[in-house]
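The structure under discussion appears below in the form of C-alpha coordinates.
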Amino acid sequence: MQTLPKRIKGFSNRLKSFEVNHMKKPHSLSAKEIIEKVRGGELKAEDCVLSIFNRIEEVEGRIHAYVTLTKELALQKARKIDAKVKNGEVLGRLPGVCIALKDNLCTEGILTSCSSRILDGFIPPYNATVVNLLLKEDAIIIGKTNMDEFAMGSSTETSYFGATKNPWDSSRVPGGSSGGSAAAVSAEEAVLALGSDTGGSVRCPASFCSIVGLKPTYGLVSRYGLIAYANSLDQIGPLSRNVYDCALLLNVLASYDPKDNTSIRVPSQDYTQFLVDDISDLKIGIPKEFFGEGIDERVSKIIWESIYTLEKLGATYEELSLPTLRYTLATYYLIAMSEASSNLARYDGIRYGYSIDYDSKNWNEVYSKNRRIGFGSEVKRRIILGTYALSTGYYEEYYLKALKVRTLIRDDFNKAFKKFDVLVGPTMPIPPFKIGEKITDPLSLYLTDLLTVPVNLIGSPAISVPCGFVDDMPIGMQIISPALREDLLLKVAHIHEQNNKFKDYAPKL
Ligand code: GLN
(Lines give C-alpha, C1' and ligand atoms only; values in the text may rest on other atoms or scores of the structure.)
Protein backbone atom coordinates (compact mmCIF):
# COMPACT_ATOMS: atom_id res chain seq x y z
CA MET A 1 0.00 0.00 0.00
CA GLN A 2 1.25 3.39 -0.90
CA THR A 3 0.69 6.42 1.28
CA LEU A 4 -0.34 9.60 -0.41
CA PRO A 5 2.89 11.47 -1.06
CA LYS A 6 1.66 15.03 -1.03
CA ARG A 7 -0.70 17.15 1.00
CA ILE A 8 -3.61 18.68 -0.76
CA LYS A 9 -4.59 22.20 0.16
CA GLY A 10 -7.58 22.39 2.41
CA PHE A 11 -7.02 19.10 4.13
CA SER A 12 -6.08 18.76 7.78
CA ASN A 13 -3.36 16.50 9.08
CA ARG A 14 -5.70 13.55 8.89
CA LEU A 15 -4.84 13.50 5.22
CA LYS A 16 -2.20 11.00 6.22
CA SER A 17 -5.02 8.55 6.53
CA PHE A 18 -5.81 8.80 2.83
CA GLU A 19 -4.08 6.77 0.21
CA VAL A 20 -3.79 6.68 -3.51
CA ASN A 21 -5.58 3.62 -4.74
CA HIS A 22 -2.65 1.96 -6.45
CA MET A 23 -3.04 -1.44 -4.85
CA LYS A 24 -3.29 -4.11 -7.44
CA LYS A 25 -4.75 -6.95 -5.47
CA PRO A 26 -7.89 -8.26 -7.22
CA HIS A 27 -10.23 -6.73 -4.63
CA SER A 28 -8.87 -3.27 -5.53
CA LEU A 29 -9.32 -3.63 -9.26
CA SER A 30 -12.19 -2.03 -11.12
CA ALA A 31 -14.88 -4.21 -12.70
CA LYS A 32 -13.52 -3.19 -16.10
CA GLU A 33 -10.02 -4.44 -15.22
CA ILE A 34 -11.34 -7.67 -13.73
CA ILE A 35 -13.45 -8.44 -16.80
CA GLU A 36 -10.47 -7.86 -19.11
CA LYS A 37 -8.11 -9.95 -16.99
CA VAL A 38 -10.53 -12.85 -16.47
CA ARG A 39 -11.38 -12.92 -20.17
CA GLY A 40 -7.71 -12.84 -21.07
CA GLY A 41 -6.92 -15.71 -18.72
CA GLU A 42 -4.63 -13.44 -16.69
CA LEU A 43 -6.72 -13.63 -13.54
CA LYS A 44 -8.80 -16.47 -12.16
CA ALA A 45 -12.31 -15.74 -10.92
CA GLU A 46 -11.48 -17.91 -7.92
CA ASP A 47 -8.62 -15.57 -7.01
CA CYS A 48 -10.99 -12.61 -7.20
CA VAL A 49 -13.27 -14.29 -4.68
CA LEU A 50 -10.40 -15.27 -2.38
CA SER A 51 -8.99 -11.76 -2.49
CA ILE A 52 -12.37 -10.20 -1.67
CA PHE A 53 -12.89 -12.55 1.27
CA ASN A 54 -9.38 -11.83 2.58
CA ARG A 55 -10.22 -8.16 2.44
CA ILE A 56 -13.54 -8.80 4.20
CA GLU A 57 -11.71 -10.67 6.93
CA GLU A 58 -9.30 -7.78 7.30
CA VAL A 59 -11.77 -4.89 7.54
CA GLU A 60 -15.34 -6.11 8.05
CA GLY A 61 -14.98 -6.06 11.86
CA ARG A 62 -14.60 -2.29 11.65
CA ILE A 63 -17.27 -1.65 8.98
CA HIS A 64 -20.10 -4.16 9.42
CA ALA A 65 -21.27 -3.86 5.83
CA TYR A 66 -22.68 -7.39 5.58
CA VAL A 67 -25.56 -9.29 7.09
CA THR A 68 -24.76 -12.56 5.27
CA LEU A 69 -21.68 -13.77 3.40
CA THR A 70 -21.92 -16.52 0.79
CA LYS A 71 -18.31 -17.58 0.33
CA GLU A 72 -18.96 -21.20 -0.65
CA LEU A 73 -21.53 -20.26 -3.30
CA ALA A 74 -19.19 -17.55 -4.58
CA LEU A 75 -16.31 -20.03 -4.89
CA GLN A 76 -18.52 -22.55 -6.71
CA LYS A 77 -19.60 -19.89 -9.18
CA ALA A 78 -16.01 -18.71 -9.64
CA ARG A 79 -14.81 -22.24 -10.44
CA LYS A 80 -17.53 -22.58 -13.06
CA ILE A 81 -16.37 -19.34 -14.66
CA ASP A 82 -12.73 -20.48 -14.60
CA ALA A 83 -13.76 -23.75 -16.25
CA LYS A 84 -15.57 -21.79 -18.95
CA VAL A 85 -12.42 -19.76 -19.61
CA LYS A 86 -10.35 -22.92 -19.75
CA ASN A 87 -12.74 -24.58 -22.19
CA GLY A 88 -13.01 -21.51 -24.36
CA GLU A 89 -16.77 -21.18 -23.69
CA VAL A 90 -18.62 -17.91 -24.14
CA LEU A 91 -18.50 -15.77 -21.00
CA GLY A 92 -21.15 -13.40 -19.67
CA ARG A 93 -20.65 -9.65 -19.50
CA LEU A 94 -19.41 -9.50 -15.88
CA PRO A 95 -17.11 -12.52 -15.47
CA GLY A 96 -15.50 -12.73 -12.04
CA VAL A 97 -16.91 -9.43 -10.79
CA CYS A 98 -17.78 -9.78 -7.09
CA ILE A 99 -21.07 -8.09 -6.25
CA ALA A 100 -22.80 -7.40 -2.94
CA LEU A 101 -26.60 -7.23 -2.77
CA LYS A 102 -28.71 -5.13 -0.46
CA ASP A 103 -30.62 -7.42 1.86
CA ASN A 104 -34.03 -6.45 0.46
CA LEU A 105 -33.34 -8.30 -2.81
CA CYS A 106 -34.70 -11.83 -2.81
CA THR A 107 -32.04 -14.49 -3.21
CA GLU A 108 -33.03 -18.12 -3.62
CA GLY A 109 -31.82 -20.18 -0.67
CA ILE A 110 -30.11 -17.21 1.03
CA LEU A 111 -31.46 -15.28 4.02
CA THR A 112 -33.21 -12.08 2.94
CA SER A 113 -33.94 -10.03 6.02
CA CYS A 114 -34.44 -6.36 5.08
CA SER A 115 -32.35 -5.98 8.27
CA SER A 116 -35.56 -6.61 10.22
CA ARG A 117 -36.33 -9.06 12.97
CA ILE A 118 -39.73 -9.72 11.41
CA LEU A 119 -38.03 -11.53 8.51
CA ASP A 120 -35.97 -13.66 10.85
CA GLY A 121 -35.01 -16.85 9.03
CA PHE A 122 -36.77 -15.92 5.77
CA ILE A 123 -35.20 -17.84 2.89
CA PRO A 124 -36.82 -16.85 -0.41
CA PRO A 125 -37.65 -19.64 -2.87
CA TYR A 126 -36.73 -17.44 -5.85
CA ASN A 127 -34.28 -14.80 -7.06
CA ALA A 128 -35.12 -11.20 -7.83
CA THR A 129 -34.91 -10.56 -11.57
CA VAL A 130 -31.76 -8.44 -11.13
CA VAL A 131 -30.05 -11.32 -9.31
CA ASN A 132 -30.77 -13.69 -12.19
CA LEU A 133 -29.53 -11.09 -14.66
CA LEU A 134 -26.24 -10.79 -12.77
CA LEU A 135 -25.72 -14.54 -12.46
CA LYS A 136 -26.44 -15.01 -16.15
CA GLU A 137 -23.63 -12.57 -16.91
CA ASP A 138 -21.16 -14.51 -14.72
CA ALA A 139 -21.04 -11.99 -11.91
CA ILE A 140 -20.34 -13.49 -8.49
CA ILE A 141 -22.61 -12.77 -5.55
CA ILE A 142 -20.62 -12.53 -2.36
CA GLY A 143 -23.21 -11.61 0.21
CA LYS A 144 -26.13 -9.53 1.41
CA THR A 145 -25.56 -6.10 2.87
CA ASN A 146 -26.84 -4.27 5.91
CA MET A 147 -29.47 -1.58 5.50
CA ASP A 148 -31.93 0.53 7.39
CA GLU A 149 -34.82 -1.70 8.39
CA PHE A 150 -37.08 -2.07 5.33
CA ALA A 151 -35.00 0.68 3.67
CA MET A 152 -36.48 3.31 5.98
CA GLY A 153 -33.73 5.71 6.91
CA SER A 154 -30.70 7.63 5.70
CA SER A 155 -27.99 6.34 8.01
CA THR A 156 -28.15 2.50 8.23
CA GLU A 157 -28.67 2.89 11.97
CA THR A 158 -32.17 1.38 12.11
CA SER A 159 -30.94 -2.11 11.15
CA TYR A 160 -31.89 -4.87 13.55
CA PHE A 161 -28.29 -6.07 13.17
CA GLY A 162 -26.73 -2.79 14.30
CA ALA A 163 -25.21 0.15 12.44
CA THR A 164 -22.76 0.07 9.53
CA LYS A 165 -19.74 2.39 9.88
CA ASN A 166 -18.43 4.87 7.34
CA PRO A 167 -15.10 3.57 5.95
CA TRP A 168 -13.72 7.15 5.97
CA ASP A 169 -14.40 7.58 9.69
CA SER A 170 -15.86 4.76 11.71
CA SER A 171 -17.55 7.14 14.15
CA ARG A 172 -19.76 8.39 11.33
CA VAL A 173 -22.70 6.96 9.40
CA PRO A 174 -22.21 5.63 5.86
CA GLY A 175 -25.55 7.10 4.78
CA GLY A 176 -28.55 4.96 4.03
CA SER A 177 -30.56 3.06 3.55
CA SER A 178 -28.15 1.10 1.28
CA GLY A 179 -25.29 1.90 3.70
CA GLY A 180 -23.93 -1.65 3.77
CA SER A 181 -23.70 -1.79 -0.03
CA ALA A 182 -21.96 1.59 -0.27
CA ALA A 183 -19.56 0.90 2.59
CA ALA A 184 -18.67 -2.51 1.10
CA VAL A 185 -17.76 -0.95 -2.27
CA SER A 186 -15.90 1.98 -0.69
CA ALA A 187 -13.92 -0.34 1.63
CA GLU A 188 -13.12 -2.70 -1.28
CA GLU A 189 -15.13 -5.50 0.32
CA ALA A 190 -17.00 -5.73 -3.00
CA VAL A 191 -16.25 -4.53 -6.51
CA LEU A 192 -19.82 -3.49 -7.19
CA ALA A 193 -23.07 -3.49 -5.26
CA LEU A 194 -26.79 -3.09 -5.71
CA GLY A 195 -28.90 -0.85 -3.56
CA SER A 196 -32.47 0.39 -3.75
CA ASP A 197 -33.48 4.04 -3.91
CA THR A 198 -36.96 5.12 -2.80
CA GLY A 199 -36.00 8.61 -1.71
CA GLY A 200 -32.22 8.65 -2.03
CA SER A 201 -31.03 5.36 -0.60
CA VAL A 202 -28.49 4.71 -3.35
CA ARG A 203 -27.31 8.31 -3.81
CA CYS A 204 -27.08 9.25 -0.12
CA PRO A 205 -24.68 6.46 0.90
CA ALA A 206 -22.77 6.87 -2.37
CA SER A 207 -22.21 10.51 -1.44
CA PHE A 208 -21.26 9.75 2.17
CA CYS A 209 -18.82 6.97 1.17
CA SER A 210 -17.26 8.80 -1.82
CA ILE A 211 -18.42 6.40 -4.52
CA VAL A 212 -20.76 6.53 -7.53
CA GLY A 213 -24.47 5.72 -7.07
CA LEU A 214 -27.20 5.83 -9.69
CA LYS A 215 -30.97 5.87 -9.29
CA PRO A 216 -32.22 4.81 -12.72
CA THR A 217 -35.45 6.01 -14.35
CA TYR A 218 -38.51 4.47 -12.69
CA GLY A 219 -39.25 1.32 -14.67
CA LEU A 220 -35.83 0.91 -16.31
CA VAL A 221 -34.73 -1.79 -13.86
CA SER A 222 -37.10 -4.57 -12.81
CA ARG A 223 -38.31 -4.46 -9.22
CA TYR A 224 -39.49 -8.08 -9.27
CA GLY A 225 -38.11 -9.66 -6.11
CA LEU A 226 -37.25 -6.37 -4.44
CA ILE A 227 -39.09 -6.34 -1.13
CA ALA A 228 -41.29 -3.27 -1.48
CA TYR A 229 -41.03 -0.18 0.67
CA ALA A 230 -43.04 2.30 -1.46
CA ASN A 231 -43.84 0.82 -4.87
CA SER A 232 -44.41 4.05 -6.79
CA LEU A 233 -40.97 5.34 -5.75
CA ASP A 234 -38.71 2.27 -5.38
CA GLN A 235 -35.96 1.62 -7.91
CA ILE A 236 -32.89 -0.63 -7.81
CA GLY A 237 -29.59 1.04 -8.61
CA PRO A 238 -25.85 0.34 -9.02
CA LEU A 239 -23.04 1.41 -6.67
CA SER A 240 -19.46 1.45 -7.92
CA ARG A 241 -16.07 3.08 -7.42
CA ASN A 242 -16.08 4.74 -10.83
CA VAL A 243 -18.51 5.85 -13.53
CA TYR A 244 -17.37 3.31 -16.12
CA ASP A 245 -18.20 0.42 -13.76
CA CYS A 246 -21.57 2.00 -13.06
CA ALA A 247 -22.32 2.00 -16.80
CA LEU A 248 -21.19 -1.63 -17.09
CA LEU A 249 -23.56 -2.68 -14.34
CA LEU A 250 -26.44 -0.65 -15.76
CA ASN A 251 -25.94 -2.43 -19.10
CA VAL A 252 -26.94 -5.64 -17.35
CA LEU A 253 -29.67 -4.27 -15.07
CA ALA A 254 -31.63 -2.25 -17.65
CA SER A 255 -33.79 -4.93 -19.16
CA TYR A 256 -37.53 -5.29 -19.76
CA ASP A 257 -39.19 -7.71 -17.35
CA PRO A 258 -42.76 -8.97 -17.90
CA LYS A 259 -42.87 -9.88 -14.20
CA ASP A 260 -42.81 -6.19 -13.21
CA ASN A 261 -45.78 -4.33 -14.68
CA THR A 262 -44.00 -0.99 -14.37
CA SER A 263 -41.05 -2.25 -16.41
CA ILE A 264 -40.37 -0.14 -19.52
CA ARG A 265 -39.62 -1.70 -22.90
CA VAL A 266 -36.48 0.06 -24.12
CA PRO A 267 -33.89 -1.36 -26.48
CA SER A 268 -30.85 -2.53 -24.54
CA GLN A 269 -27.81 -0.38 -25.05
CA ASP A 270 -24.17 -0.13 -24.11
CA TYR A 271 -24.01 2.80 -21.71
CA THR A 272 -20.19 2.86 -21.80
CA GLN A 273 -20.38 4.31 -25.33
CA PHE A 274 -21.64 7.59 -23.83
CA LEU A 275 -18.54 8.12 -21.69
CA VAL A 276 -16.97 10.60 -24.06
CA ASP A 277 -15.13 13.75 -23.05
CA ASP A 278 -17.35 16.25 -24.76
CA ILE A 279 -19.91 18.38 -22.99
CA SER A 280 -19.58 21.43 -25.19
CA ASP A 281 -23.32 21.69 -25.93
CA LEU A 282 -24.42 20.87 -22.42
CA LYS A 283 -26.81 23.27 -20.68
CA ILE A 284 -26.79 22.87 -16.92
CA GLY A 285 -29.55 24.21 -14.69
CA ILE A 286 -28.72 25.07 -11.09
CA PRO A 287 -31.85 25.07 -8.92
CA LYS A 288 -31.42 27.91 -6.39
CA GLU A 289 -33.32 25.91 -3.80
CA PHE A 290 -30.52 23.29 -3.89
CA PHE A 291 -28.24 25.90 -2.33
CA GLY A 292 -30.76 27.55 -0.01
CA GLU A 293 -31.95 26.96 3.50
CA GLY A 294 -30.64 23.87 5.25
CA ILE A 295 -27.64 23.38 2.96
CA ASP A 296 -24.22 23.52 4.63
CA GLU A 297 -22.24 26.34 3.05
CA ARG A 298 -19.10 24.24 2.87
CA VAL A 299 -21.03 21.68 0.82
CA SER A 300 -22.37 24.40 -1.50
CA LYS A 301 -18.86 25.74 -2.04
CA ILE A 302 -17.51 22.37 -3.18
CA ILE A 303 -20.42 21.79 -5.52
CA TRP A 304 -19.93 25.22 -7.07
CA GLU A 305 -16.25 24.38 -7.66
CA SER A 306 -17.41 21.31 -9.59
CA ILE A 307 -19.87 23.40 -11.58
CA TYR A 308 -17.04 25.80 -12.53
CA THR A 309 -14.99 22.79 -13.62
CA LEU A 310 -17.83 21.64 -15.88
CA GLU A 311 -18.05 25.17 -17.25
CA LYS A 312 -14.32 25.15 -18.03
CA LEU A 313 -14.84 21.88 -19.86
CA GLY A 314 -17.34 23.52 -22.18
CA ALA A 315 -20.76 23.40 -20.51
CA THR A 316 -22.86 26.46 -19.80
CA TYR A 317 -24.91 26.96 -16.66
CA GLU A 318 -27.70 29.16 -15.43
CA GLU A 319 -29.60 29.36 -12.17
CA LEU A 320 -33.31 28.61 -12.02
CA SER A 321 -36.01 28.25 -9.43
CA LEU A 322 -38.14 25.18 -8.74
CA PRO A 323 -40.77 26.68 -6.45
CA THR A 324 -42.48 23.39 -5.59
CA LEU A 325 -39.27 21.98 -4.11
CA ARG A 326 -40.32 23.23 -0.70
CA TYR A 327 -43.20 20.74 -0.74
CA THR A 328 -41.21 17.70 -1.83
CA LEU A 329 -40.24 16.37 1.60
CA ALA A 330 -43.78 16.49 2.96
CA THR A 331 -45.15 15.00 -0.25
CA TYR A 332 -42.54 12.26 -0.30
CA TYR A 333 -43.04 11.23 3.31
CA LEU A 334 -46.83 11.13 3.01
CA ILE A 335 -46.70 8.94 -0.09
CA ALA A 336 -43.83 6.74 1.13
CA MET A 337 -45.38 6.10 4.54
CA SER A 338 -48.84 5.45 3.08
CA GLU A 339 -47.51 2.91 0.60
CA ALA A 340 -45.28 1.37 3.27
CA SER A 341 -48.18 0.92 5.71
CA SER A 342 -50.03 -1.02 3.05
CA ASN A 343 -47.00 -3.08 1.95
CA LEU A 344 -45.97 -4.02 5.46
CA ALA A 345 -49.45 -5.28 6.38
CA ARG A 346 -48.41 -8.71 5.11
CA TYR A 347 -45.90 -9.31 7.90
CA ASP A 348 -47.89 -11.05 10.57
CA GLY A 349 -45.41 -13.71 11.61
CA ILE A 350 -47.69 -16.55 10.55
CA ARG A 351 -46.47 -17.47 7.08
CA TYR A 352 -42.80 -16.61 7.40
CA GLY A 353 -40.31 -14.72 9.51
CA TYR A 354 -40.36 -14.03 13.22
CA SER A 355 -43.15 -15.45 15.33
CA ILE A 356 -43.87 -15.68 19.03
CA ASP A 357 -44.78 -19.07 20.47
CA TYR A 358 -48.53 -18.93 20.55
CA ASP A 359 -51.29 -21.18 21.92
CA SER A 360 -53.86 -18.48 21.64
CA LYS A 361 -56.41 -18.55 18.84
CA ASN A 362 -56.94 -14.86 19.36
CA TRP A 363 -55.28 -13.94 16.08
CA ASN A 364 -55.45 -10.21 16.63
CA GLU A 365 -53.38 -10.68 19.73
CA VAL A 366 -50.88 -12.96 17.97
CA TYR A 367 -50.46 -10.62 14.99
CA SER A 368 -50.10 -7.60 17.24
CA LYS A 369 -47.49 -9.23 19.37
CA ASN A 370 -45.51 -10.49 16.36
CA ARG A 371 -45.56 -7.06 14.79
CA ARG A 372 -44.81 -5.26 18.06
CA ILE A 373 -41.70 -7.38 18.63
CA GLY A 374 -40.75 -7.96 14.99
CA PHE A 375 -40.64 -4.37 13.76
CA GLY A 376 -38.28 -1.67 15.00
CA SER A 377 -39.54 1.70 16.19
CA GLU A 378 -38.92 3.66 12.95
CA VAL A 379 -40.87 1.11 10.92
CA LYS A 380 -43.73 1.18 13.42
CA ARG A 381 -43.79 4.97 13.37
CA ARG A 382 -44.16 4.93 9.59
CA ILE A 383 -46.85 2.23 9.59
CA ILE A 384 -48.88 4.25 12.09
CA LEU A 385 -48.48 7.55 10.21
CA GLY A 386 -49.14 5.91 6.84
CA THR A 387 -52.26 4.17 8.11
CA TYR A 388 -53.48 7.50 9.46
CA ALA A 389 -52.89 9.28 6.14
CA LEU A 390 -54.87 6.60 4.30
CA SER A 391 -57.76 6.34 6.73
CA THR A 392 -61.31 7.43 5.89
CA GLY A 393 -61.73 11.13 6.38
CA TYR A 394 -58.02 11.86 6.14
CA TYR A 395 -57.29 10.23 2.79
CA GLU A 396 -58.36 13.31 0.78
CA GLU A 397 -56.71 15.65 3.23
CA TYR A 398 -53.31 13.94 3.15
CA TYR A 399 -52.67 11.15 0.66
CA LEU A 400 -54.73 12.52 -2.22
CA LYS A 401 -53.36 16.01 -1.68
CA ALA A 402 -49.81 14.62 -1.76
CA LEU A 403 -50.56 12.94 -5.09
CA LYS A 404 -51.77 16.25 -6.51
CA VAL A 405 -48.67 18.09 -5.32
CA ARG A 406 -46.58 15.31 -6.86
CA THR A 407 -48.04 16.31 -10.23
CA LEU A 408 -47.14 19.96 -9.62
CA ILE A 409 -43.56 18.99 -8.76
CA ARG A 410 -43.34 16.95 -11.95
CA ASP A 411 -44.61 19.92 -13.97
CA ASP A 412 -41.97 22.16 -12.40
CA PHE A 413 -39.17 19.78 -13.40
CA ASN A 414 -40.59 19.24 -16.88
CA LYS A 415 -40.52 22.98 -17.41
CA ALA A 416 -36.88 23.08 -16.31
CA PHE A 417 -35.98 20.21 -18.65
CA LYS A 418 -37.34 22.19 -21.60
CA LYS A 419 -34.49 24.62 -21.05
CA PHE A 420 -31.74 22.50 -19.50
CA ASP A 421 -30.18 19.12 -20.29
CA VAL A 422 -29.35 18.34 -16.68
CA LEU A 423 -29.80 19.86 -13.24
CA VAL A 424 -26.90 19.88 -10.79
CA GLY A 425 -26.64 20.35 -7.02
CA PRO A 426 -25.43 18.59 -3.89
CA THR A 427 -26.61 15.05 -3.17
CA MET A 428 -26.76 15.58 0.58
CA PRO A 429 -27.19 18.92 2.33
CA ILE A 430 -24.59 18.11 4.99
CA PRO A 431 -21.42 15.98 5.32
CA PRO A 432 -21.68 12.51 6.93
CA PHE A 433 -22.77 12.93 10.54
CA LYS A 434 -21.87 11.03 13.70
CA ILE A 435 -23.48 7.69 14.52
CA GLY A 436 -26.20 8.40 17.12
CA GLU A 437 -26.33 12.12 16.33
CA LYS A 438 -29.69 12.21 14.56
CA ILE A 439 -31.35 8.88 15.18
CA THR A 440 -33.25 10.12 18.26
CA ASP A 441 -34.78 12.98 16.26
CA PRO A 442 -36.52 11.46 13.22
CA LEU A 443 -37.46 14.82 11.75
CA SER A 444 -33.83 15.97 11.57
CA LEU A 445 -33.01 12.73 9.77
CA TYR A 446 -35.90 13.20 7.30
CA LEU A 447 -34.56 16.68 6.52
CA THR A 448 -31.33 15.18 5.16
CA ASP A 449 -33.41 13.73 2.27
CA LEU A 450 -34.32 17.17 1.00
CA LEU A 451 -32.35 16.98 -2.24
CA THR A 452 -32.70 13.31 -3.08
CA VAL A 453 -36.48 12.74 -2.85
CA PRO A 454 -37.57 15.00 -5.77
CA VAL A 455 -36.40 12.62 -8.50
CA ASN A 456 -38.20 9.67 -6.95
CA LEU A 457 -41.42 11.67 -7.03
CA ILE A 458 -40.99 12.54 -10.71
CA GLY A 459 -39.49 9.22 -11.86
CA SER A 460 -36.33 10.76 -13.34
CA PRO A 461 -32.86 9.28 -12.97
CA ALA A 462 -30.07 10.92 -10.92
CA ILE A 463 -26.48 10.07 -10.13
CA SER A 464 -24.22 10.97 -7.23
CA VAL A 465 -20.51 11.35 -7.95
CA PRO A 466 -17.69 12.09 -5.48
CA CYS A 467 -16.53 15.68 -5.75
CA GLY A 468 -14.51 16.61 -2.70
CA PHE A 469 -14.23 16.64 1.08
CA VAL A 470 -15.35 18.78 4.02
CA ASP A 471 -13.39 18.14 7.22
CA ASP A 472 -11.97 15.06 5.50
CA MET A 473 -15.46 13.65 4.94
CA PRO A 474 -16.77 12.94 1.42
CA ILE A 475 -19.21 15.17 -0.47
CA GLY A 476 -21.17 14.04 -3.53
CA MET A 477 -22.56 16.00 -6.42
CA GLN A 478 -25.97 15.09 -7.79
CA ILE A 479 -26.78 15.26 -11.49
CA ILE A 480 -30.43 14.92 -12.56
CA SER A 481 -31.74 14.35 -16.10
CA PRO A 482 -35.11 13.77 -17.77
CA ALA A 483 -36.46 10.21 -17.78
CA LEU A 484 -34.39 7.66 -19.72
CA ARG A 485 -31.45 10.03 -20.22
CA GLU A 486 -29.01 7.95 -18.18
CA ASP A 487 -26.65 8.44 -21.13
CA LEU A 488 -26.40 12.14 -20.27
CA LEU A 489 -25.97 11.53 -16.56
CA LEU A 490 -23.16 9.07 -17.15
CA LYS A 491 -21.45 11.35 -19.64
CA VAL A 492 -21.43 14.35 -17.31
CA ALA A 493 -20.48 12.20 -14.33
CA HIS A 494 -17.61 10.65 -16.29
CA ILE A 495 -16.11 13.90 -17.51
CA HIS A 496 -16.40 15.33 -14.01
CA GLU A 497 -14.68 12.27 -12.57
CA GLN A 498 -11.83 12.44 -15.07
CA ASN A 499 -11.17 16.02 -14.01
CA ASN A 500 -11.57 15.50 -10.28
CA LYS A 501 -8.30 15.49 -8.35
CA PHE A 502 -9.73 13.15 -5.69
CA LYS A 503 -10.68 10.41 -8.10
CA ASP A 504 -8.09 7.88 -6.97
CA TYR A 505 -8.52 8.36 -3.24
CA ALA A 506 -9.64 5.49 -1.08
CA PRO A 507 -10.20 5.35 2.66
CA LYS A 508 -7.35 3.89 4.66
CA LEU A 509 -8.53 0.91 6.63
N1 GLN B 1 -34.34 8.26 3.67
C2 GLN B 1 -35.53 8.06 2.92
C3 GLN B 1 -36.56 7.37 3.78
O4 GLN B 1 -36.27 7.09 4.87
C5 GLN B 1 -35.24 7.28 1.68
C6 GLN B 1 -35.04 5.84 1.90
C7 GLN B 1 -34.88 5.05 0.64
O8 GLN B 1 -34.57 5.59 -0.43
N9 GLN B 1 -35.10 3.75 0.74
O10 GLN B 1 -37.64 7.11 3.37
With every protein chain in place, the accessible area of LYS283 for a 1.4 Å probe, in Å² rounded to the nearest 10, comes to 100
Sorted from largest down, give the three principal axis spans of the alpha carbons of the chain, whole angstrom values. 66, 55, 48
222 nm mean residue ellipticity, helices alone, for the chain (DSSP H n ≥ 4; -39,500 (n - 2.57); rounded to 500): -11000 deg cm²/dmol
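Pairs to check: LYS136/LYS259; LYS32/LYS102; LYS71/LYS102; LYS77/LYS503. Give those whose C-alpha atoms are more than 26 Å from each other in this structure.
Working: LYS136/LYS259 17 Å; LYS32/LYS102 22 Å; LYS71/LYS102 16 Å; LYS77/LYS503 32 Å.
Violating the 26 Å limit, Cα to Cα: LYS77/LYS503.
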Reach of LYS380 by Cα under 21 Å, taken over lysines that are not fewer than 8 positions away in the same chain: LYS369, LYS438
If we count every other residue with Cβ under 12 angstrom of ASN146's Cβ, Lys/Arg +1 and Asp/Glu -1, where does the sum land? -3
Enter the accessible area of VAL221 (Å², nearest 10), with the probe set to 1.4 Å and all protein chains included. 0
Suppose accessible area is computed on protein heavy atoms with a 1.4 Å probe; arrange GLU293, GLU42 from highest to lowest. GLU293, GLU42
Roughly how many Å² of ASP421 are accessible to a 1.4 Å probe, to the nearest 10? 50
Using amide H atoms built in the peptide plane, which far-off residues or other-chain residues are under 5 Å from ILE439 H to H? none
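If I take R0 = 22 Å and measure r between the Cβ atoms of ALA330 and SER377 in this structure, what FRET efficiency does the formula 1/(1 + (r/R0)^6) give, to the nearest 0.05?
That gives a FRET efficiency of 0.55.
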In straight Cα distance, which lysines are under 29 Å from LYS418, not counting same-chain residues fewer than 8 positions off? LYS215, LYS283, LYS288, LYS301, LYS312, LYS401, LYS404, LYS491
Förster radius 45 Å - calculated FRET efficiency between THR262 and TYR358 (Cβ-Cβ, nearest 0.05): 0.75
Report, to the nearest whole %, how much of the accessible area of the range 225-286 belongs to carbon and sulfur atoms, 1.4 Å probe, protein only. 47
Among beta bridges that DSSP assigns inside the chain, antiparallel share in %, nearest 5: 70
For the chain, dividing by residue count, accessible area per residue (probe 1.4 Å) in Å² works out to 39
Rounded FRET efficiency, nearest 0.05, which uses the C-beta distance separating LYS419 from ASP120 and R0 of 45 Å: 0.30
Nonlocal amide H pairs with TYR256, under 5 Å, H built at 1.01 Å: VAL266
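The values are calculated or read from the model by the stated rules, or taken from the named source; none is laboratory data. In this text the structure is predicted, and so the values were computed from the model without any measurement. Note that each Cβ is placed from the backbone with ideal geometry, even for glycine, and that neighbours are counted across all protein chains shown. Each accessible area value is taken on the protein alone, full model and side chains, heavy atoms only, with ligands, DNA and RNA left out. Shrake-Rupley method; radii C 1.70, N 1.55, O 1.52, S 1.80 Å.
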